[in-house]
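Some notes on the structure that comes next.
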Amino acid sequence: IKKFDPLLSMDFPESKISKTLTERLDEKKFILLFPESRRSEKVWPFFKELSQSLSKENSFNIVVAGNKQDQLFPHTIDLRGKVKLGELPNLIKRADLVISNDSAPLHIASALRKPLLALFGPTSSAMYGPYPLNSTRTTVLSASDAKIDSITINEVELQIKKLIS
């Protein structure tokens, strides 16, 4: 391959979200949270507390997306189970900031060059993290002991402030 975009950016021109979802987002800026991952050891357990803190401190809406509705996320627009796979890239594209565990939405956000805070525990962000590794739009927090719950809410909030300022 001689000609290619070295940033590996992608576009999903067919991805659209429904009118109902568009109305729920209300054209206001939003931070998009993805609190899930296929492997439980890759799930940062403090998304609920983070969503509560963010909803108090920001002019942004807080949107939660994913599949499982296993805990309540008060003060958010909870879209878990309501976004089809084909709509996901468009939802991510509309976000002002994406916060995600090591999961597919993290990689879609990276490919769309969205501001991204990526949380890593047992997996290596150097091997499996967002691309390119030196992107100024991406911040990676990796647990030094490979346990994702070692990443504190304070660390995450500090990085969010840097990314949205």
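Some values worked out for this structure:
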| quantity | calculated |
| --- | --- |
| Selected residue (criterion: nearest to SER37 (Cα to Cα)) from residues of the stretch 130-141 that are free of Cβ contacts under 8 Å to residues at least 24 places away in the same chain and open to solvent by 60 Å² or more (accessible area, probe 1.4 Å) | LEU133 |
| Filtered residue count, the stretch 71-86, keeping only those that are open to solvent by less than 100 Å² (accessible area, probe 1.4 Å), aliphatic (A, V, I, L, M) and in a loop (DSSP other than H, G, I, E, B) | 2 |
| Yes/no for PHE120 being of a type in the set (A, V, I, L, M, F, W, C), within 21 Å of LEU163 (Cα to Cα) and more than 14 Å from the chain's Cα centre (by Cα) | no |
| Some residue of the stretch 18-26 being open to solvent by 30 Å² or more (accessible area, probe 1.4 Å), at pLDDT below 90 and in contact with a strand residue (DSSP E or B) (Cβ under 8 Å, 6 or more places away or on another chain) | yes |
| Every residue from the stretch 42-70 that is in contact (Cβ under 8 Å) with a residue 12 or more places away in the chain, open to solvent by 70 Å² or more (accessible area, probe 1.4 Å) and either within 18 Å of ASP26 (Cα to Cα) or not in a helix (DSSP H, G or I) (or both) | SER59, ASN67, LYS68, GLN69 |
| Selection within the stretch 84-104 - of a type in the set (A, V, I, L, M, F, W, C) and modelled with pLDDT of 90 or more | LEU88, LEU91, ILE92, ALA95, LEU97, VAL98, ILE99, ALA104 |
| Any hit, the stretch 148-157, residues being surrounded by 13 or more Cβ atoms within 10 Å (Cβ to Cβ), over 22 Å from SER55 (Cα atoms) and modelled with pLDDT of 95 or more | yes |
| Selected residue (only one of ALA95, ALA104, ALA111 is in contact with a strand residue (DSSP E or B) (Cβ under 7 Å, 6 or more places away or on another chain) and of a type in the set (Gly, Ala, Ser)) | ALA95 |
| Filter result (hydrophobic (A, V, I, L, M, F, W, C), closer than 12 Å to PHE34 by Cβ and surrounded by fewer than 20 Cβ atoms within 10 Å (Cβ to Cβ)) within the stretch 89-129 | ALA104 |
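The values are calculated or read from the model by the stated rules, or taken from the named source; none is laboratory data. Remember, it's a predicted structure, so these values are computed and weren't measured experimentally. Quick reminder, even Gly has a Cβ in these numbers, built from the backbone with ideal geometry, and neighbours come from all protein chains shown. Side chains are part of the model used for accessible areas, which takes the heavy atoms of the whole protein and leaves out ligands, DNA and RNA. Shrake-Rupley method; radii C 1.70, N 1.55, O 1.52, S 1.80 Å.
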